[in-house]
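Trainee: My questions will all concern the structure given below.
The values are calculated or read from the model by the stated rules, or taken from the named source; none is laboratory data. Since this is a predicted model, take the numbers as computed values, not measurements. All Cβ positions, even for glycine, are placed from backbone atoms using ideal geometry, and neighbour counts span all protein chains on display. SASA here: full protein model, heavy atoms, side chains in, ligands and nucleic acids out. Shrake-Rupley method; radii C 1.70, N 1.55, O 1.52, S 1.80 Å.
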Amino acid sequence: MVTSFTVKSVATFIGKEKRLGRFRDLVSLSSMENQTKNKIYFHYNHTDSCNSARWTARESYQFMYERPWQDVLHFLSNVVNARLTLSTMFGTDNSPQTCIDVVDDDYKTSEVCDEKEERCGRWERVTFKIILSYSGYAFDGWQKQPGLNTVQEIVEKSLGRFVDDKKARLLKEKSKPLEGCAVVAGRTDKGVSAIRQVCSFYTWRKDVKPCDIEGEINSAAPGKLRVVSVSEVSRVFHPNFSAKWRRYLYIFPLNDQENEKQCCENEKEVESFSFARNCNEPSNKCVESSSSENVENLIIGNNKEFEAPNKPTCFSVCRVNQLLRHLEGKLLSYKMFARDTKASRNIGPPTECFMYHARAAEARIPCSVHEEGRKVMCVELVANRFLRKMVRVLVATSIREAAAGAEEDALLKLMEATCRRATAPPAPPDGLCLVDVGYTDFNPKNCLIP
């Protein structure tokens, strides 16, 4: 009787708990709906004459994502697998990376030869420079993370075969998997591709050959990850700290109805739209409230203020190029164009970046729908360093400002903004790729967009 009564009591208790749990879920869902209806947004108050023509965060997001991104992903996949080259977009055969690699490899090879004569102790270890190419859509970024498919995890598992006996023994004692350690030039986010990513790996084994490393990595993820080259370099070589510049390319697909004629006519629409509205009217630029941001120059609004009729619906590639060129040759703080980092920080690395090259041009990529190819806008950026999501925010903001008819120095003025709501949400990662990393002085002649 005691046992029967106990089981029955437990069953009754569990039934009540389930009903109570469902009730809590309904209350929580109702509460969330009410919060959404009464949500407060902070809008950045742009004070220029085209503030009323500028897209909101939601409008900018929709404009960027409602694109035929599949064509771009297919093109980048072909480039990663060496079936096409980036210069194909511009109808040329010369690739800027060829000259760069020859200079780098000759310089590193001479250092290796000098070291081999006097190697002893810790200098006996062998360092390999590995250049990788991978499709961003197939991975959750570079950095290794639990439960995610990352490039670093696959590469280090492949390198585990080449670690020395001492390290293998230590890993076994700590019950850790047999993996190598790959140091990278720059971590890429989820969805971002790389054409010539650079990483390094060292070992004390003397029987490891570059072709062995290449074959092991190539067999890990065929069609998604490919080794461009493997070479022995100086022990002092560091993929990140030795780099003098990085080159990114963003490919933005244009819709069928978008062309230069329409975009040029759009400038007149922007002008008439801007003057039709009160120049002192607060901007609709809005993003959800966040306590970590500076609220200076912000105004409050609700979610009904997102939509505004008759805003520009296209932009001029030439105008984007004019906006970007004002960044060239300047050391500037890009903290307003970064994300997932503190906008104002007293400790940690600085936010200043020197932009060597910033251009935009129209090009075409192969497309099954269009015989002549899909029309795209290419943005080429070369700098000594880049902040988190900086390229994607810079591209999205440039397009937004070009569509709104902003002045040519609009990007420079935005760097003086009081919070990051002044810039647009990041563009989709699908169109971004790390082209290459340079270890010699930047040569302006080796550019995709002259």
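Trainee: Beta carbons within 10 angstrom, averaged per residue: use that to sort the peptides 421-432, 182-193, 198-209, 404-415, highest first.
Mentor: 421-432, 182-193, 404-415, 198-209
Trainee: Here's another thing I want to ask about it. Which residues in segment 153-185 place their backbone N less than 20 Å from a point set 7 Å from the Cα of Ser229 along the Cα-to-Cβ direction?
Mentor: 183-185, by backbone N distance to the label point.
Trainee: Let me ask you something else. When a/c is below 1.5 the answer is rounded, else prolate if a/b is larger than b/c, else oblate, so apply that to segment 126-234 with a ≥ b ≥ c taken from the square roots of the Cα gyration tensor eigenvalues.
Mentor: The shape class here is oblate.
Trainee: OK, next. Provide Lys244, Lys174, Lys389 ordered by accessible surface of protein heavy atoms (probe 1.4 Å), highest first.
Mentor: The ranking, largest first, comes out as Lys174, Lys244, Lys389.
Trainee: Further question: Got a number for carbon plus sulfur as a percent of segment 126-234's accessible area, 1.4 Å probe? Spell out each step's value before the answer.
Mentor: Details: 2480 of 4950 Å².
For segment 126-234, the apolar C and S fraction of the accessible surface comes to 50 percent.
Trainee: Using amide H atoms built in the peptide plane, which far-off residues or other-chain residues are under 5 Å from Leu432 H to H?
Mentor: When sequence neighbours closer than 5 places are left aside, the close amide H contacts are Ser193, Ile251.
Trainee: OK, next. Return the subset of Lys166/Lys209; Lys144/Lys209; Lys174/Lys335; Lys206/Lys445; Lys144/Lys206; Lys311/Lys335 for which the Cα-Cα distance in this structure is over 31 Å, preserving the input order.
Mentor: Lys174/Lys335; Lys206/Lys445
Trainee: For Arg364, which sequence-distant residues (separation of 5 or more, or a different chain) have an amide H within less than 5 Å of its own amide H, given hydrogens modelled in the peptide plane?
Mentor: Residues meeting the amide H criterion: Val376.
Trainee: Amide H neighbours of Trp245 under 5 Å, counting only residues 5+ apart in sequence or on other chains, H built in-plane at 1.01 Å?
Mentor: Amide H neighbours of Trp245: Gly438.
Trainee: Suppose a student asked you for the relative contact order of segment 126-234, using Cα pairs under 8 Å spaced at least 6 residues apart; what percent would you report?
Mentor: Numbers: 209 pairs, mean separation 49.2, N = 109.
Relative contact order for segment 126-234 comes out at 45 percent.
Trainee: Excluding ligands, DNA and RNA, what is the solvent-accessible area per residue of segment 126-234 at a probe of 1.4 Å, expressed in Å²?
Mentor: Numbers: 4950 Å² over 109 residues.
Each residue of segment 126-234 exposes 45 Å² on average to a 1.4 Å probe.
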